[in-house]
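See structure below.
The values are calculated or read from the model by the stated rules, or taken from the named source; none is laboratory data. Predicted model, so just to flag it, every value in this text is computed and none were measured. So basically every Cβ, Gly included, is an ideal-geometry build from the backbone, and we count neighbours across all protein chains shown.
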Amino acid sequence: MRTVNSILSVLVATAVLLAASPSLAHFGTITPSDDIVTQNDPKTLNLQIKFIHPMELHYMEMVKPEQFGVVHDDKKTDLLNSLQATKGKSADQKEKFTFWTTDYKIRRPGDYTFYVEPTPYWEPAEDLFIVHYTKVCVNALGLEKGWDHPVGLETEIVPMTRPYGLWTGNLFTGQVLLKGKPVPFAEVEIEYLNESPGNISLVIPPADPYVTQVVKADANGVFSYAMPRAGWWGFAALNEADWKLKHDGKEKGVEIGAVYWVHTQDMK
């Protein structure tokens with residue numbers, strides 16, 4: 001059980017985070033209740049879909065996505081109608097926001113890649129729309145098959161490292177695709193989800209550049225990053241869409257992001 005002092009320290013840390021850099025990185029998220037399902041685990045996953053600044057614990061209001069589904073054994077299943085709107089509160093317990101959640105029952109062994117395409121989000125500070133195509137993979141019942149297959153989204157990260165069973169400090173490698181083709185020298189933003197389960201003491205970045213890590217992919221769109229803490233890590237590769245959307249009658253640019261989430265665990 002947490003002591004009063006530890007709870008206060010978390011709240012103080014949160015206040016510091018929310019006062020951090022004015023330039024905040026947006027991330028779509030899909031966080032399952034577990035990334036590995038064994039014979040002894042509950043077979044029903046809970047999945048939460050949010051639009052957030054992961055390190056700062058700042059949440060954006062999210063309307064219902066345009067598509068949400070899962071790929072298992074190379075077959076897509078539409079899960080959009082299973083989503084339920086849920087109200088949450090920010091870490092300081094002041095700001096309310098909407099996110100989406102669902103339960104999914106695992107029935108067969110294999111890898112389950114969940115994906116979401118959100119409704120475009122208008123960001124007035126950047127004068128553009130944001131669409132983050134987000135993925136996460138859950139392994140079930142010992143069959144490791146399918147984690148390295150693309151889903152077929154407009155842009156996506158395809159893992160080259162098996163995206164589950166990762167220890168803290170492991171190197172994650174992925175390839176950035178845009179319309180199915182590698183993106184040479186793509187810039188990839190990386191953030192730690194500060195609300196990761198079991199993360200009692202929040203990470204407090206000592207300066208703005210620590211909030212969002214940045215790596216460049218090679219000529220084949222391949223990048224790598226070693227994750228220094230247990231919990232959920234998000235990788236986002238951003239590009240400008242070749243199409244526009246209207247806001248107040250004027251055409252505006254669209255930032256499309258390929259986002260992938262992986263979980264790490266401390267070795268004990």
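Quick rundown of the values:
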| item | result |
| --- | --- |
| So Thr113, is it closer than 28 Å to Pro150 by Cα, in contact with a Ser or Thr (Cβ under 6 Å, 6 or more places away or on another chain) and of a type outside the set (Asp, Glu) | no |
| Selection from region 168-185 of residues that are aromatic (Phe, Trp, Tyr) and either over 30 Å from Lys268 (Cβ atoms) or modelled with pLDDT under 95 (or both) | Phe185 |
| Test: residue in region 199-222 that is touching a His at 6+ places or on another chain (Cβ under 9 Å) and among the aromatic types (Phe, Trp, Tyr) | no |
| Candidates Lys145, Lys135, filtered to the one that is touching a strand residue (DSSP E or B) at 6+ places or on another chain (Cβ under 6 Å), assigned to a loop (DSSP other than H, G, I, E, B) and under 28 Å from Leu80 (Cβ atoms) | Lys145 |
| Long-range neighbours under 6 Å by Cβ, at least six apart or interchain, first residue within 30 Å of Lys268 (Cα to Cα) and modelled with pLDDT under 95 within region 146-167, second surrounded by 18 or more Cβ atoms within 10 Å (Cβ to Cβ) and among the hydrophobic types (A, V, I, L, M, F, W, C) | none |
| Residue in region 89-107 that is small (Gly, Ala, Ser) and either over 30 Å from Pro209 (Cα atoms) or surrounded by fewer than 15 Cβ atoms within 10 Å (Cβ to Cβ) (or both) present | no |
| Region 28-56 residues that are farther than 28 Å from Val203 by Cα and surrounded by fewer than 20 Cβ atoms within 10 Å (Cβ to Cβ), paired with ones that are among the hydroxyl-bearing types (Ser, Thr, Tyr) and modelled with pLDDT of 95 or more (beta carbon under 9 Å, 6 or more apart) | Pro42/Ser33; Thr44/Ser33; Thr44/Tyr104 |
